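Colleague: This is the structure, below, for whatever I ask next.
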Amino acid sequence: MSQLVVKDLCLGYEGREILHNLNFEVNKGDYLCIVGENGSGKSTLMKTLLGLQHPVSGKIITDEGFSKKGIGYLPQQTVIQKDFPASVLEIVLSGCQNKCGIRPFYTKAEKQKAIKCIEKLELQKFTHRCYRKLSGGQQQRVLLARALCAAEDILLLDEPVAGLDPIVTGEMYSLIEKLNKSGLTVIMISHDIQAAIRYADKILHIGNNIFFGTKEEYLESSQADTLVKGGARNG
């Protein structure tokens, strides 16, 4: 069942078109990895899927009952985020803010959900620890738990392992794979083409030429030659 369908999408900003004639669909339970060269429009596409930016033209059709409030989003972490003075529980619980509306408090159910997300990401011992005192890998896991707290339909991840060491990177990929196998749809931007091929079941390559299909089909494509042999750059 398709959760969202992208039809003839054209993206751009400040009057400049950066991506056009984009077509793909995401089904429930998919693990889609978006790859491409620097400046190809990966992050712009992510913002458009979130409704933070309007497309130049084209459509994004969603399944009936689908809501952007049910999307969990893990953006690239900034220096300010790394020094945020709040507890792990407060950070994770803030993932429920979209559902609060004008309500100035969290419900018991929302607090219980935050605790479950903390447990799912194996962060129990850090629940009341100050976020800025955690390591970079621990902080990223907290932000993943926050995104999971918001996610009911889809989890969007923008370079979730950027800046992490190889061991922590492997742990993050394993956690994301586990969430996907539990039934959650994952859409991830990555410059790590080897990880995309290993974990994702579908690949969207954007740039001068666009590819969308299974990872097996991608490995046979000309676009794969550019990234697999040369290495993809962050964008």
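The values are calculated or read from the model by the stated rules, or taken from the named source; none is laboratory data. All values derive from a computational prediction rather than experimental measurement. Cβ coordinates were reconstructed from backbone atoms using ideal geometry, including for glycine residues, and neighbour counts include every protein chain displayed.
Colleague: In the range 133-150, is there at least one residue being touching a residue at least 24 places away in the same chain (Cβ under 8 Å), under 25 Å from residue 98 (Cα atoms) and either hydroxyl-bearing (Ser, Thr, Tyr) or surrounded by fewer than 20 Cβ atoms within 10 Å (Cβ to Cβ) (or both)?
Modeller: No, the range 133-150 contains no residue that is touching a residue at least 24 places away in the same chain (Cβ under 8 Å), under 25 Å from residue 98 (Cα atoms) and either hydroxyl-bearing (Ser, Thr, Tyr) or surrounded by fewer than 20 Cβ atoms within 10 Å (Cβ to Cβ) (or both).
Residue-wise test of (1) of a type in the set (Gly, Ala, Ser); (2) closer than 15 Å to residue 207 by Cβ; (3) modelled with pLDDT of 85 or more.
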residue	(1), (2), (3)
14	no, no, no
20	no, yes, yes
35	no, yes, yes
41	yes, yes, yes
45	no, yes, yes
49	no, no, yes
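Colleague: Right, something else. Is it true that residue 224 is among the small types (Gly, Ala, Ser), part of a helix (DSSP H, G or I), under 19 Å from the mean Cα position of the chain (by Cα) and assigned by TED's automatic domain parsing to the domain that holds residue 23? Don't jump to the end; show me each part of the working.
Modeller: Details: among the small types (Gly, Ala, Ser): yes; part of a helix (DSSP H, G or I): yes; under 19 Å from the mean Cα position of the chain (by Cα): no; assigned by TED's automatic domain parsing to the domain that holds residue 23: yes.
So residue 224 fails the test.
Colleague: When you check residue 19 against the structure, is it part of a strand (DSSP E or B) and either of a type in the set (A, V, I, L, M) or within 23 Å of residue 195 (Cβ to Cβ) (or both), yes or no?
Modeller: Numbers: part of a strand (DSSP E or B): yes; either of a type in the set (A, V, I, L, M) or within 23 Å of residue 195 (Cβ to Cβ) (or both): yes.
Against the criterion (part of a strand (DSSP E or B) and either of a type in the set (A, V, I, L, M) or within 23 Å of residue 195 (Cβ to Cβ) (or both)), residue 19 qualifies.
Colleague: Please work out which residue is modelled with the highest pLDDT, limiting yourself to the range 59-106 and to residues that are in a loop (DSSP other than H, G, I, E, B) and of a type in the set (Gly, Ala, Ser). If you could, list the steps in order and put the result at the bottom.
Modeller: Keep residues of the range 59-106 that are in a loop (DSSP other than H, G, I, E, B), which gives 63-67, 75-78, 83-86, 101-106.
Next, from what is left, pick out any that are of a type in the set (Gly, Ala, Ser): 65, 67, 86, 101.
On the way: 65: 63, 67: 69, 86: 90, 101: 61.
Filtering first and then ranking leaves 86.
Colleague: Now for a separate question. Report, ordered by the first and then the second residue, all pairs with beta carbons closer than 8 Å, sequence separation of six or more or different chains, a first member in the range 38-59 that is farther than 20 Å from residue 157 by Cβ, and a second member that is among the acidic types (Asp, Glu).
Modeller: Close Cβ pairs (under 8 Å, with a partner that is among the acidic types (Asp, Glu)) amount to 56/17; 57/8; 58/8; 59/8.
Colleague: Please go through the range 152-176 and give me each residue that is under 13 Å from the mean Cα position of the chain (by Cα), part of a loop (DSSP other than H, G, I, E, B) and closer than 19 Å to residue 35 by Cα, ordered by number.
Modeller: Hits for the range 152-176 are 159, 160, 161, 162.
Colleague: Please work out which one of (1) surrounded by 15 or more Cβ atoms within 10 Å (Cβ to Cβ); (2) over 30 Å from residue 214 (Cβ atoms); (3) modelled with pLDDT of 90 or more is the condition residue 109 fails and give its number.
Modeller: The single condition residue 109 does not satisfy is (1).
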